[in-house]
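Worksheet for the structure shown next.
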């Protein structure tokens, strides 16, 4: 059984690949941590695109995604991104 890990540190890996399944660690805004919810969402989506690309995949092949948002009132702005 082969497991490949990308962007690994002492605690975790940002990407884990097992057979044909790719797992990403939870992502948070790095480039716009204090920006609008739309800016944070765009930043996170770009990071997800980059990580999936490094693993040889894309968002078109996602099976599941969990989104945590601090306030449901920001949903429309987040969803617009």
Report task. Summarise the long-distance tail of P(r) for the chain by giving the % of C-alpha pairs beyond 19 Å. Result -> 42 percent
Query - Ranked packing of 54-67, 10-23, 34-47, most packed first, by mean Cβ within 10 Å - result: 34-47, 10-23, 54-67
Report task. Give me the distance in nm between label points sitting 7 Å out from Cα along the Cα-to-Cβ direction at residue 23 and residue 1, one decimal. Result -> 1.0 nm
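The numbers here are math on the coordinates, done by the rules we state, and not lab data. The shown structure was predicted, so the numbers you read here are calculated from the model rather than taken from an experiment. Neighbour counts are summed over all protein chains in view; Cβ atoms, including those assigned to glycine, are modelled from backbone coordinates with ideal geometry.
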